[in-house]
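K.L.:
Before I ask anything, let me first share the structure, which is written out below as structure tokens.
The values are calculated or read from the model by the stated rules, or taken from the named source; none is laboratory data. The structure presented is a predicted model; accordingly, all values stated were derived computationally and were not measured. Counting neighbours? That spans all protein chains shown, and the Cβs are built from the backbone with ideal geometry, glycine included. What goes into the accessible areas is simple: the full protein's heavy atoms, side chains included, and nothing from ligands, DNA or RNA. Shrake-Rupley method; radii C 1.70, N 1.55, O 1.52, S 1.80 Å.
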Amino acid sequence: MSETIQPKATIVIFGATGDLANRKLYPSIYRLYKSGKLDENFAVIGLARRGWDNDIIRENVEKSIQGLVTEDEDVSAFTSHFYYRPFDVTSADSYNDLKNMVESLEKDYQTDGNRLFYLAMAPDFFGTIANELKNHGLKDTPGWTRLVIEKPFGHDLPSAKKLNKELQAAFNEDQIYRIDHYLGKEMVQNIEVIRFANGIFEHLWNNQFINNIQVTSSETLGVEERAHYYDTSGATRDMIQNHMLQMVALLAMEPPINLSTEEIRSEKIKVLRALRAVKEDKVDEYFVRGQYGAGTIDGKEVVGYQDEVEALKGSETETFVAGKLVIDNYRWAGVPFYIRTGKRMKEKSTKIVVEFKDIPMNLYHRKDALRNPNLLVINIQPNEGITLHLNAKKTGNGNLTEPIQLAYHQDAQSGINTPEAYEKLLYDSMLGDATNFTHWDEVALSWEFVDRILASWAHEKPDFPNYESGSMGPKAADELLAKDGFRWWPE
Ligand code: BG6
């Protein structure tokens with residue numbers, strides 16, 4: 001077994017009192033600590049506006065990991081690594097104070113001067129913080145410095161470019177880690193392995209043998225307390241520009257010449273470059289937008305988007321998007337990639353379905369009118385695994401066939417919880433592995449693609465709400481496939 005690398009670092013979290021820090025970052029740091037991926041040589045400095053102190057952040061961290069610790073465990077050995085400072089992102093004093101604190105903790109924890117700055121807060125100040133860190137000498141250290149940033153990376157291409165310019169004035173591209181947490185999911189990382197380690201799939205992975213590929217990420221939650229952010233974003237910016245296009249890039253890319261960050265990213269970038277731009281006046285042929293109305297989810301009645309809070313009345317923001325992507329290259333000419341995502345849908349699930357072409361002549365009678373093509377289903381969540389849909393002989397006399405499924409459930413096999421996406425990404429960022437973070441070129445190409453769609457929609461008033469909560473989205477999303485002779489596959 002290879003030895004576990006234990007990175008040494010001071011982790012500075014901007015937005016330490018926020019939801020992301022509490023729900024994802026603290027539990028992830030704890031899991032890294034418990035699994036031996038972090039030893040004693042680390043300190044975490046939490047920063048935010050609130051007047052907390054070290055004791056309060058430690059209590060908070062303890063609460064955030066409650067579900068993970070055993071009864072008799074002394075968590076103080078872990079929480080004692082956490083420190084807190086109230087912070088004003090525009091004040092020089094705050095940065096000077098932070099610098100002194102980092103330098104002193106580096107001595108105490110012997111972190112070799114390695115510094116990870118994690119921006120887990122509203123994006124308005126990303127540029128300012130990056131520059132102030134540099135101006136106040138927080139990058140002057142014998143160790144490495146890295147900047148991890150959360151989405152959204154801009155609101156459109158021009159704002160993303162502006163942000164990127166600001167960041168690059170202070171940090172080099174190889175020091176910038178743009179989070180797309182889908183890239184940390186076990187089964188998203190498995191896409192490459194399923195493809196490139198299995199001849200039976202990769203040999204067929206092209207327009208000769210595949211009819212279409214479908215990627216669905218549905219959620220049952222509404223916008224909850226994020227109404228303000230969400231209403232300025234919508235499903236296209238929130239999910240398509242990043243997570244959905246990243247999954248498509250992994251599904252469509254050519255095999256890289258090796259597994260280095262540069263080679264993998266370069267293949268993904270080529271896919272995004274080959275994405276056919278949808279002309280503004282043709283958007284309706286390729287994309288469907290929706291917004292949820294009232295309905296029932298898990299037996300509970302829920303209100304429509306516009307009734308969630310007063311500020312959403314009359315909103316034209318889309319909470320659902322389905323689209324047909326065309327990739328103009330040799331491998332994929334003629335194979336549509338259908339994507340679909342939305343809030344308040346029937347189930348919380350992310351999955352990929354690869355529909356293979358039928359055999360040229362079918363010798364067998366099929367009782368039902370539906371075709372049973374071979375499908376490869378990659379279940380990203382909540383269950384992790386793959387299922388292969390085949391046809392087999394129906395037991396008994398005669399030549400009837402029936403569909404069967406070969407299924408592999410990752411969680412059932414490995415017997416342990418797979419690491420959380422954030423846990424893996426945090427660890428990668430400390431090891432300096434940027435493979436599962438998005439390169440600027442990917443971000444820019446994705447914005448370029450979705451900006452066109454959003455621009456076209458901005459000209460036309462949508463007829464919202466147009467899907468019921470608890471459904472799989474508007475009818476038009478089914479018609480999008482039906483007009484090509486396809487349908488969305490359920491599991
Ligand atoms: C986030 C979006 O990036 O992804 C959220 O901002 C969405 O709106 C979430 O709910 C979905 O992530 P997951 O891991 O629950 O599928």
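K.L.:
Lys and Arg at +1, Asp and Glu at -1: add these up for the other residues within a Cβ distance under 15 Å of residue 201 and post the number.
P.N.:
That sum, taken over residues with Cβ under 15 Å, equals -1.
K.L.:
On to the next question. Check residue 294: other-chain or 5+ apart residues with amide H under 5 Å from its amide H, H built from backbone geometry?
P.N.:
Correct list: 304, 469.
K.L.:
Can you give the FRET efficiency to the nearest 0.05 for residue 23 and residue 56, using r as the Cβ-Cβ distance and R₀ = 22 Å?
P.N.:
The pair residue 23/residue 56 has a calculated efficiency of 0.80.
K.L.:
Tell me which residues come under 5 Å, amide H to amide H, from residue 385 once H is placed; ignore anything under 5 positions away on its chain.
P.N.:
379, 410
K.L.:
Per 0.36 nm of contour for each residue apart, how much would the distance between residue 5 and residue 166 grow if the chain were fully extended, relative to their Cα-Cα spacing?
P.N.:
Roughly 54.7 nm would be gained on extension.
K.L.:
Straight-line reach from residue 357: which aspartates and glutamates have a Cα under 17 Å away, not including same-chain ones fewer than 8 places off?
P.N.:
Once the sequence-local aspartates and glutamates are set aside, what remains near residue 357 is 202, 484.
K.L.:
Report, largest value first, the span of the C-alpha coordinates of segment 43-202 along each principal axis, in whole Å.
P.N.:
57, 50, 31
K.L.:
Can you give the local net charge around residue 236? Use residues other than it whose beta-carbon is closer than 10 angstrom to its beta-carbon, Lys and Arg +1, Asp and Glu -1.
P.N.:
With Lys, Arg at +1 and Asp, Glu at -1, the neighbours total -1.
K.L.:
With the Cα gyration tensor of segment 177-286 in hand, give its eigenvalues times 5 under a square root as the equivalent ellipsoid semi-axes, listed largest first in whole angstrom.
P.N.:
After scaling each eigenvalue by five and taking roots: 28, 18, 15 Å.
K.L.:
Here's a follow-up. Under the 0.36 nm per residue contour assumption, what length would be gained going from the current alpha-carbon distance of residue 294 and residue 347 to full extension?
P.N.:
17.5 nm
K.L.:
Would you mind checking which residues have amide H under 5 Å from residue 178's amide H? H placed 1.01 Å from N; only 5 or more apart, or other chain.
P.N.:
149, 438
K.L.:
Quick check: net charge around residue 110, other residues with Cβ under 12 Å of its Cβ, Lys/Arg +1 and Asp/Glu -1?
P.N.:
Neighbourhood net charge equals -3.
K.L.:
Per Stokes-Einstein, at 4 °C and 1.567 mPa s, what whole-number D in µm² s⁻¹ belongs to segment 337-411, with the Kirkwood radius over Cα pairs as the hydrodynamic radius?
P.N.:
Once the numbers are plugged in, D ends up at 89 µm²/s.
K.L.:
Quick one: compute the contact order of the chain, relative version, from alpha carbon pairs under 8 angstrom and 6+ residues apart, as a percent.
P.N.:
After rounding, I find 17 percent.
K.L.:
Right, here's the next one. What's the longest uninterrupted piece of the chain once you rule out the chymotrypsin sites (Phe, Trp or Tyr not before Pro) that are loop residues per DSSP with at most 15 other Cβ within 10 Å?
P.N.:
It works out to 1-208.
K.L.:
Another question, then. Counting only helical runs of four or more DSSP H residues, what would the 222 nm mean residue ellipticity of the chain come to if each run contributes -39,500 (n - 2.57) and the total is spread over all its residues?
P.N.:
Computed mean residue ellipticity for the chain: -9500 deg cm²/dmol.
K.L.:
Now, a different point. How big is the chain along each principal axis, measuring the range of its Cα positions in Å and listing the largest first?
P.N.:
Answer, in whole Å and largest first: 78, 56, 46 Å.
K.L.:
For segment 157-167, in order, what is each residue's ³J(HN,Hα) by Karplus, 6.51 cos²θ - 1.76 cosθ + 1.60 with θ = phi - 60°, in whole Hz (x at glycine and Pro)?
P.N.:
Couplings: 4, x, 6, 5, 5, 4, 4, 4, 4, 5, 5 Hz.
K.L.:
Can you tell me the accessible area per residue over the chain, all protein chains present, probe 1.4 angstrom, in square angstrom?
P.N.:
46
K.L.:
So, one more: Taking the Cα-to-Cβ direction at residue 174 and at residue 39 and moving 7 Å from each Cα, how far apart do the two end points lie in nm?
P.N.:
Reported label-point gap for residue 174 and residue 39 is 2.6 nm.
K.L.:
So for segment 276-402, considering every pair of alpha-carbon atoms, how many percent are separated by more than 19 Å?
P.N.:
The share of Cα pairs beyond 19 Å in segment 276-402 comes to 69 percent.
K.L.:
Tell me, what % of the accessible area of the chain is carbon and sulfur with a 1.4 angstrom probe?
P.N.:
With neighbouring chains kept in place, the figure for the chain is 49 percent.
K.L.:
Tell me the Kirkwood radius of segment 1-130: reciprocal of the mean inverse pair distance over distinct alpha-carbon atoms, in Å.
P.N.:
One decimal place: 15.2 Å for the Kirkwood radius.
K.L.:
Apply the Karplus curve 6.51 cos²θ - 1.76 cosθ + 1.60, θ = phi - 60°, to the phi angles in segment 281-292 and return the couplings in whole Hz, x for Gly and Pro.
P.N.:
Here the 3J(HN,Hα) series is 7, 10, 4, 5, 6, 10, 10, 10, 10, x, 9, 7 Hz.
K.L.:
Grab the beta carbon distance between residue 406 and residue 257, set R0 = 41 Å, and tell me the FRET efficiency rounded to 0.05.
P.N.:
Taking R0 as 41 Å, the efficiency between residue 406 and residue 257 is 0.85.
K.L.:
So what J values fall out for segment 229-246 if you push phi through Karplus, 6.51 cos²θ - 1.76 cosθ + 1.60 with θ = phi - 60°, rounded to Hz, Gly and Pro as x?
P.N.:
Computed from phi, the couplings for segment 229-246 are 4, 4, 5, 8, 10, x, 4, 5, 6, 6, 10, 6, 4, 10, 4, 5, 5, 5 Hz.
K.L.:
Per the Kirkwood formula on distinct C-alpha pairs, the Rh of segment 383-470 is how many angstrom?
P.N.:
In segment 383-470 this quantity evaluates to 19.2 Å.
K.L.:
Sorting check: for 60-67, 128-135, which peptide has the highest mean count of neighbouring beta carbons within 10 Å, and how do the rest follow?
P.N.:
128-135, 60-67
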